[in-house]
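Contents: one structure, followed by commentary.
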Amino acid sequence: MKINLKNLTEKIEQEDYLQDLATVKYADLSKSKAKIKEAAANMVKETAAAVKKGSLSHIALEVTGQRPVTFALETNIINLPYSNYKKISNFFEEGQDYPVNIYFETASDYLNASKFRIDQLATEAELQDEDAVITKLAAAISEKLKQVREYEKPAPAAKKAPAKKAAASKTKKKTAKKSAAKSSKAKSKKE
């Protein structure tokens, strides 16, 4: 499947693409590799069906719980989420057709500083082997769940108190005065 920039942006603007959202509890998903593989299979099969019909898609899996995370598969010509579709024109030219790839998105407050990650999961040709893509997606979901589970938010940077700056500048002034006094004593001894 190929698409040009104009058609891509119009379809995203008008939400003219296959959309699906499934929700699962973190406890249900994290306890079973079979559940992860099942969720991955559903996402890949829906994406493959959309590609076969020549349609874009956004297939999401929302994981609820203490550390929520949302996974999504999007078909696009670049690794930018649909929410940033206006930036796509910065990278591509009008009037040319581009191949569509499948991108895996992860969004969570417990993922990294940007709270988001997007990676290319497969090309359209690779999607022909759905089982391989399902296995790859299941592994990616497992890895991201582990990252979310182990994530520790960085401590906020401590701000220096203005009083310390004032004290430091007084020390610099005293040092400068002592240096000036020493050099004037040295000059007077020479005379």
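Where a number appears in this text, it was derived from the coordinates with a stated rule and is not lab data. Just so it is clear, the model here is predicted, and its values are computed rather than measured. Note: ideal-geometry Cβ built from the backbone for every residue, glycine included; neighbour counts use all protein chains shown.
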- Item | Charge sum, other residues only, whose C-beta stays under 10 Å from residue 63's C-beta, Lys/Arg counted +1 and Asp/Glu -1 | +1
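Under the Kirkwood approximation for Rh and a Cα-based Rg, what ratio Rg/Rh is obtained for the stretch 65-138?
Values: Rg = 14.1 Å, Rh = 13.8 Å.
When Rh is taken as the Kirkwood radius, the ratio is 1.02.
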- Distance check, please: which entries in 6/115; 6/52; 53/86; 31/144; 45/87 exceed 23 angstrom between their Cα atoms? 6/115; 53/86; 45/87
- Query: Once amide H atoms are built 1.01 Å from N in the peptide plane, which residues 5 or more positions from residue 80, or in another chain, come under 5 Å H to H?
  - Reply: none
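Would you kindly work out the equivalent ellipsoid of the stretch 96-139 from its C-alpha gyration tensor and give its semi-axes, the square roots of five times the eigenvalues, largest first in whole Å?
Numbers: eigenvalues 113, 51, 4 Å².
With the √(5λ) rule applied to the stretch 96-139, the semi-axes are 24, 16, 5 Å.
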- For residue 98, residues with placed amide H under 5 Å, excluding near neighbours: 3, 4
- Query: List the trypsin sites (Lys or Arg not before Pro) in the stretch 15-114 that DSSP assigns to loop (not H, G, I, E or B) and whose Cβ has at most 16 other Cβ atoms within 10 Å. Which are they?
  - Reply: 31, 53
- So, how do all the Cα-to-Cα distances of the stretch 39-106 break down into 10 Å bins, in percent, from 0 on up? 19, 46, 27, 7, 1
- Item | From phi via Karplus (6.51, -1.76, 1.60), per-residue ³J(HN,Hα) for the stretch 110-120 in Hz, x at Gly/Pro | 10, 9, 6, 4, 7, 6, 8, 8, 9, 9, 6
- Message: Run the Debye formula on the Cα coordinates of the stretch 1-155, all scatterers equal and no solvent, and tell me log10 I(q)/I(0) at q = 0.13, 0.16 1/Å.
- Response: -0.59, -0.87
- Straight-line reach from residue 2: which aspartates and glutamates have a Cα under 17 Å away, not including same-chain ones fewer than 8 places off? 10, 16, 74, 93, 94, 97, 124, 126
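For residue 93 and residue 129, what is the calculated FRET efficiency with R₀ set at 30 Å and r taken between the beta-carbons, to the nearest 0.05? Each step should come with its number before you reach the end.
Values: r = 31 Å, r/R0 = 1.04.
Working from the Cβ atoms, E equals 0.45.
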- Query: Across 5 Å bins from the origin, how do the percents of Cα pairs in the stretch 1-79 run, short distances first?
  - Reply: 3, 14, 23, 21, 14, 11, 8, 4, 1
- What residues have an amide H closer than 5 Å to that of residue 121, excluding those fewer than 5 places away on the same chain, when H is modeled at 1.01 Å from N in the peptide plane? 102, 103, 104
